[in-house]
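Inspection log for the structure reproduced underneath, given as structure tokens.
Bear in mind that the values in this text are calculations on the coordinates, not laboratory data. These figures come from a predicted structure and were not determined experimentally. Please note: Cβ atoms are built from the backbone with ideal geometry, for glycine as well, and neighbour counts cover all protein chains shown.
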Amino acid sequence: MNADQAVKKLIKKLQDPSQMVRIRAATQLGSMGHDAKPSVPALIELLQNGTIHDRKRAALTLGEIGPAAQEAVPALFAAMDDEDDTLSDMAEEALERVDLIDEAEAA
């Protein structure tokens, strides 16, 4: 199975009813880095509408994808204002990894 096929399969798993399946899929996508770019829209959806655990994992995964996840910047900025401090911090870290803000600006 090539990377494109693996990404397509993992994108489908992001909508699985089982939270563990969704978390594992997001984790695998994060480990693929730039190759997981096609999953960014699905991860944005998870970041905006998933459970708090899904949202945290989506933020982390988008950061792991790095600059290829630039399309997620508006959703990550919105997540920085979330009432959940951990999610807010994870969104900020993801933005740093996408290289769009630096630590001085975030402080």
Quiz prompt | Matching residues in segment 62-89 - criterion: being in contact with an Asp or Glu (Cβ under 9 Å, 6 or more places away or on another chain), surrounded by 24 or more Cβ atoms within 10 Å (Cβ to Cβ) and within 19 Å of residue 32 (Cα to Cα) | solution = 65
Exercise. Would you mind listing the helices (runs of 4 or more DSSP H) fully within segment 20-107 where at least 1 residues are of a type in the set (Gly, Ala, Ser) and under 23 Å from residue 2 (Cα atoms)?
Key: 40-49, 52-65
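For segment 53-103, what are the residues that are among the β-branched types (Val, Ile, Thr) and over 17 Å from residue 25 (Cβ atoms)?
Within segment 53-103, 73, 86, 98, 101 meet the criteria.
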Quiz item: Under the condition of being part of a helix (DSSP H, G or I) and among the polar types (S, T, N, Q), which residue from segment 1-19 is surrounded by the most Cβ atoms within 10 Å (Cβ to Cβ)?
Solution: 19
